[in-house]
Amino acid sequence: MDVTAPAHRLSAAVSAASRLLPARAGLRLRADAAGLTVAGSDPDLAVRFDCPATAHTDGSVTVPAAPLAETLKMLDGLVRLVVEGSRLALRVDNARFALPLLSTEVGPPVAELPQVSEVDGAAFASALRIVAGTASKDDPLPLFTGVRLQAGDRLTLTASDRYRMAVARLPLLSPGSLDVLVPATLLTEAARQAKGVVGLHAGPGRFGLSWPGGLVGTAVLDAGFLSEDSIPSAAVDTRVTLSSDALAAAVRRVGVYAEDRRVLTLEVGDAQVRLASARQDTGEAEETLKAEVSGGRTSPSFQARYLLDALQAFAGERVELSIQPGMRACVLRAAEPGEVELTYYLMPMLAR
């Protein structure tokens, strides 16, 4: 193999693949008339990224991903990749670097999964960032570490760590049928790499994303249990509408004085909500915000960091809190929903 490619473009492709694959993975580089492809796989995951290049001699090699990524980050201009015996040499004007060739064969970049629909990549990545943030980071609970994707006329994204749940609905560019649970960390990173229109692919036990210059395919989890319908939300007693940014700022200020559990109570009054906290060694704080209030005066308590995460999803907007009595979830929605409809369920805490 002998090929010349822009160092920054090749670095971007190699880095993208490396972030998705296991730490000691190998990458297959294939050069032909179409350019250079970077591919990698393990039993559950396959990725491929394209890079513009000029192939002097077609060929394919597998090399360690980590040193290749680190080397390319430090190079500028054009880099020439040439097989020299048992090494792949990376040559620039005044330097040469050589990586060992691996005998490990990398599997096909992505199994041939049928495309079921397409979605705008920017809207998908934005909605996914919020929804995936509610997925569990606890590996012993793998079913809570994924994002459920359901497609029909619209695409619905759902995730939960048992204490909160986020649901986003966004337009599809074409109707399709899909219901899978995909690891949240992987899906978020793949969506971050995607550009333009993103294809959604599905097959038995597999899910894939594609976009111009990139493909990612992965095994899926069991999706059936994770559903918005499992959360009762018909007993709303109190509705509060106010600025999400103003409430978030108040939570940060008053939360400084909260006890170690960092639980704050939203005391709902007439046309206002009040936050208060006290701690023996730091003092006390309270802040009152104007709000539109209807219904009862149910006053829930929340873990401050979870409330802030929920409010961040509605940054720059007015948010409506639909509060249920007892220990039922509080439902947060934008007061004026946009094209992407976001619903955030937040479980209250016991105040002490």
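Worth pointing out:
- Two-site FRET efficiency, Met327 against Gln115, from Cβ-Cβ distance with R₀ of 56 Å, rounded to 0.05: 0.85
- Here Phe97 sits with roughly 80 square angstrom of accessible surface, probe radius 1.4 Å.
- Spin-label zone in segment 241-281 - amide nitrogen under 20 Å from a point set 7 Å from the Cα of Arg305 along the C-beta vector: 248-266, 277-279
- Convex hull volume of the C-alpha atoms in segment 5-84, normalised per residue: 86 Å³.
- Protein heavy-atom accessible surface, 1.4 Å probe, per residue over segment 61-192: 47 Å².
- Peptides 325-333, 184-192 ranked from most to least packed by the mean count of surrounding Cβ atoms within 10 Å: 184-192, 325-333.
- Segment 195-281, Rg to Rh (Cα coordinates; Rh as Kirkwood inverse mean 1/r): 1.21
- In straight-distance terms, cross-link reach from Lys195 covers every one of the lysines whose alpha-carbon lies under 26 Å from its own, apart from those fewer than eight places away in the same chain; here that gives Lys73.
- Hydrodynamic radius of segment 262-310 per Kirkwood, over alpha carbon pairs, in Å: 11.8 Å
- In terms of its Cα atoms, segment 308-352 spans 37, 17, 13 Å along the principal axes, sorted from long to short.
- Full extension of the chain segment joining Ala219 with Ala95 gains 40.5 nm, where the gain is 0.36 nm per residue of separation less the Cα-Cα distance.
- Whole-Å distance, taken between Cα centres, linking segment 1-42 and segment 266-291: 54 Å
- Rule-of-thumb Rg ratio for segment 174-218 [Cα; 2.2 N^0.38 Å; N residues]: 1.10
- In terms of packing, defined here as the mean over residues of other Cβ atoms within 10 angstrom, the peptides 83-92, 22-31 line up highest first as 22-31, 83-92.
- Projected area, mean over directions - segment 141-251, Cα convex hull, nm²: 9.4 nm²
- Debye equation applied to the C-alpha atoms of segment 120-171, log10 I(q)/I(0) at 0.24, 0.31 Å⁻¹: -0.84, -1.16
- Full extension of the chain between Ser126 and Arg162 gives 10.7 nm of extra length, using 0.36 nm per residue less the Cα-Cα distance.
- For segment 252-292, the set of trypsin sites (Lys or Arg not before Pro) satisfying both a DSSP loop assignment and a count of at most 16 other C-beta atoms within 10 Å is given as Arg261.
- Computed with the Debye formula from one identical point scatterer per Cα of segment 232-352, without solvent, the log10 of I(q)/I(0) at q = 0.15, 0.16, 0.22 Å⁻¹ comes to -0.61, -0.70, -1.34.
- log₁₀ of I(q)/I(0) at q = 0.07 Å⁻¹ - the chain, Debye sum with one point per alpha carbon: -0.40
The values are calculated or read from the model by the stated rules, or taken from the named source; none is laboratory data. Just so it is clear, the model here is predicted, and its values are computed rather than measured. Methodologically, a virtual Cβ is constructed for each residue, glycine included, from the backbone with ideal geometry; neighbour enumeration extends over all protein chains shown. Side chains included, ligands, DNA and RNA excluded: accessible areas come from the protein's heavy atoms. Shrake-Rupley method; radii C 1.70, N 1.55, O 1.52, S 1.80 Å.
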